[in-house]
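A quick write-up on the structure given underneath.
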Amino acid sequence: MRESSELAQQIIDRCLNQGATAAEITLSQGHENEIEVRDGRVDRLTSGQPVSVTLKVWRDQRIASTTGTSLDESTLQTLIDDAIELADLSDPIEGMRLAPKHLLATNIQDLDLYDPEQLERSTEEKIARAIEAERAALNADPRITVSNGASYSDALYRVVHATSAGFLGAVQSGWSAISAQVIADDADDKKRNGGWYSVARYAKDLLPTQVIGERAAQRAIEQLGAGPIPTTTLPVVFDPYMAASLIGGMFGALTGSAIERGSSFLIDKEHQQIASSKLTVIDDPLIPRGLGSRAFDAEGLPTQRTTFIDQGVLQTYAINTYNAHKLGRTPTGHARGAGEGPSNLFVAPGPPSPEEIISSIDYGFYCQSMMGFGVNLTTGDFSRGASGFLIENGKLTRPVSEITLSGNYKEMLMQIDAVANDLIMDRAVTSPTILLRQMTLGGT
């Protein structure tokens, strides 16, 4: 890490010596593995040590960036030369600047994102765990007929980010994941797919392979006999993963990029009630071992816990330095790539259990899967294919598929009637079970 940090600083200095007025660099070196098995045998095994260099330079208001995949001297010099030449040819962009020195992170917290035992884990052990997950799925139910494969993958990264404004941050991070996919044959020869996965910073925090396999099989079996229902308007219960997709899908409307472009349905809504009082949405980048955790953002600004929606009231937006300048605001530490993004985004849990929510519904829909991305963040319009179960007399009954859920976020957020207590922070975007008072289901 020390060598990478020194190299990053040297490249910044070289850019300035060659006429750049400012410079920013990200160096990443990693170790990645992916193993796929099918029918108890290795189907694919890949391993690599990727290197990436992303360099951005300023010539006053003219900006350009270059990328490379090697740290050899000739490549680095070419990146510097090309970036400066391209900057000279670029049109000025007023307000595009580095994060100022007085706002930069100075105390970079160790968030325990690096599993020191990962490199010691043998390939044979990883293959065995993938095979165990596949076997558990195939043995879970006799109606499971085909394996769609199982996998074990992991990665470790060393990343250094430096700017000529005085920021230098270095982090080590990694993750491990196991997945399984199987197929069940339905009576009408339809193939019902089911899958599950677990991902964690530390391999020992992954779900047991038996659980992963059994959940994959259950997801396939539950959809046997599924079909559409007539078009109607019903209460909809989103399971935790679909509720997370619902909330995560609207985050783009909370970004400074969308506000500055005028492409958000939440423009000028700060400190107003935009959702039910049941909804509180928080982003916490400082959770130890969190999958989205980061001590500083893509501009070198410190990150902090942020409540975006508090009991239905919009509190703030996620804003990088450029959009902060355009909007006359202060950056919030959410810079990611060319825009803004969350870290560990979650919905605060409420008091009821998911069982209590379901039992309160006479006739409704339990959403367990959504596909497609029919979301217009400018208008708030929402439309996605879905599958799940009917809720009848407070119980999940027959499986439902081939329907479309539609609505508009402006109404949907206000119609959140309950948020359950089953929050599990096992993804970068998480939520408990959520009940919406009503949505339109497009079916037969």
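Out of all the residues in segment 12-27, is one or more surrounded by 13 or more Cβ atoms within 10 Å (Cβ to Cβ) and within 30 Å of VAL182 (Cα to Cα)? No, every residue in segment 12-27 fails to be surrounded by 13 or more Cβ atoms within 10 Å (Cβ to Cβ) and within 30 Å of VAL182 (Cα to Cα).
Out of curiosity, is SER401 buried (at least 17 other Cβ atoms within 10 Å of the Cβ) and in contact with a Gly (Cβ under 8 Å, 6 or more places away or on another chain)? Taking the combined requirement at face value, the residue satisfies it. Listed by first and then second residue, the pairs linking a residue in segment 341-360 that is in the same structural domain as ARG294 (by TED's automatic domain parsing) and in contact (Cβ under 8 Å) with a residue 24 or more places away in the chain to a residue that is buried (at least 24 other Cβ atoms within 10 Å of the Cβ) and among the acidic types (Asp, Glu), with Cβ atoms under 6 Å apart and 6 or more places separating them unless they lie on different chains, are PRO342/ASP283; SER343/ASP283; LEU345/ASP283. Pairs only if they're at least six apart or on different chains, beta carbon under 7 angstrom, first in segment 1-12 and farther than 11 Å from LEU27 by Cβ, second of a type in the set (Gly, Ala, Ser) and modelled with pLDDT under 95; list them, first residue then second. Sorted first by the residue in segment 1-12, then by its partner, the list stays empty. All conditions in (1) free of Cβ contacts under 8 Å to residues at least 40 places away in the same chain; (2) buried (at least 19 other Cβ atoms within 10 Å of the Cβ) hold for GLN311, with the sole exception of (2).
Go through segment 186-238 and give me each residue that's acidic (Asp, Glu), under 29 Å from SER359 (Cβ atoms) and in a helix (DSSP H, G or I). Correct list: GLU214 only.
Quick grid of which residues meet (1) assigned to a loop (DSSP other than H, G, I, E, B); (2) small (Gly, Ala, Ser); (3) over 24 Å from ILE424 (Cα atoms):
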{"residue": "ASP268", "(1), (2), (3)": "yes, no, yes"}
{"residue": "HIS271", "(1), (2), (3)": "yes, no, yes"}
{"residue": "ILE287", "(1), (2), (3)": "yes, no, no"}
{"residue": "GLY300", "(1), (2), (3)": "yes, yes, yes"}
{"residue": "GLN304", "(1), (2), (3)": "yes, no, no"}
{"residue": "ILE309", "(1), (2), (3)": "no, no, no"}
{"residue": "THR316", "(1), (2), (3)": "yes, no, yes"}
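Here the condition is being outside the structural domain of ILE357 (by TED's automatic domain parsing), modelled with pLDDT of 95 or more and within 23 Å of the chain's Cα centre (by Cα); of LEU279, LEU246, LEU207, it holds for LEU207 alone. For the structure I just gave you, tell me whether LEU396 is surrounded by fewer than 19 Cβ atoms within 10 Å (Cβ to Cβ), touching a helix residue (DSSP H, G or I) at 6+ places or on another chain (Cβ under 8 Å) and more than 30 Å from THR67 (Cα to Cα). In short, yes.
The values are calculated or read from the model by the stated rules, or taken from the named source; none is laboratory data. None of these values were measured; they are calculated from a predicted model. Using ideal geometry, Cβ is built from the backbone for each residue, glycine included, and neighbour counts are taken over all protein chains shown.
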